[in-house]
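The values are calculated or read from the model by the stated rules, or taken from the named source; none is laboratory data. If you're wondering where the values come from, they're calculated on a predicted model, not measured in any experiment. As a convention, Cβ positions derive from the backbone with ideal geometry for all residues, glycine included, and neighbour counts pool all protein chains shown.
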Amino acid sequence: MKQLKTNKGFSLVELLVAITLLTVGILSMVQMQVVAIHSNAHANRLSVATGLAQEVMDDILAWDVNNPPVADIFTTPTTTAAYDRLSFSTPTKSVSMPGTGIFTASYTITLVQPDLTSAFIAVTVTGSGKTVTLTGIKRIS
């Protein structure tokens, strides 16, 4: 009687196909991680800029209309200026945030026509290749 041989294991071609598929999968995951890291860095810079814009807007909205830190800001039809209070210790027009870069802020205050009882406020924060503009309205009379 002849005994049939049964081959157990993988052929070389099957092994090469499996390695190729595994390599493609691993390289796809590596590329996905690279994209995720870049997206997280972008989101971090955008979050910092948005947070600074909100901080500047909150500060401007809290200014006393009768005694603002900038003279005639609520009586001039339109005022555009650099915001120089980004640091609590010393007046500065830019702030360096660790891991994200240097940011500057400016604002524009426009009195709303015709009654001039409200002011339209636009705060712009720029830095690390990102620009965020936040708008609001403040009642001035």
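When the residues of the stretch 77-102 are filtered to those that are of a type in the set (S, T, Y), over 22 Å from the mean Cα position of the chain (by Cα) and exposed (fewer than 13 other Cβ atoms within 10 Å of the Cβ), the one that is modelled with the lowest pLDDT is S89. Among the candidates A122, A105, the residue that is in a strand (DSSP E or B), among the hydrophobic types (A, V, I, L, M, F, W, C) and over 16 Å from the mean Cα position of the chain (by Cα) is uniquely A122. Can you name the number of the only condition in (1) closer than 28 Å to I37 by Cβ; (2) aromatic (F, W, Y); (3) surrounded by fewer than 16 Cβ atoms within 10 Å (Cβ to Cβ) that F120 fails? Here F120 clears every test but (1). Considering the stretch 111-129, and only residues there that are within 17 Å of E55 (Cα to Cα) and not β-branched (V, I, T), the residue that is modelled with the lowest pLDDT turns out to be G127.
Of all residues in the stretch 48-102, exactly one satisfies the criterion of being without any contact (Cβ under 8 Å) to a residue 12 or more places away in the chain, part of a strand (DSSP E or B) and among the β-branched types (V, I, T), namely T92. Residue count for the stretch 130-141 under the criterion of being at pLDDT below 90 and of a type outside the set (D, E, K, R): the result is 2.
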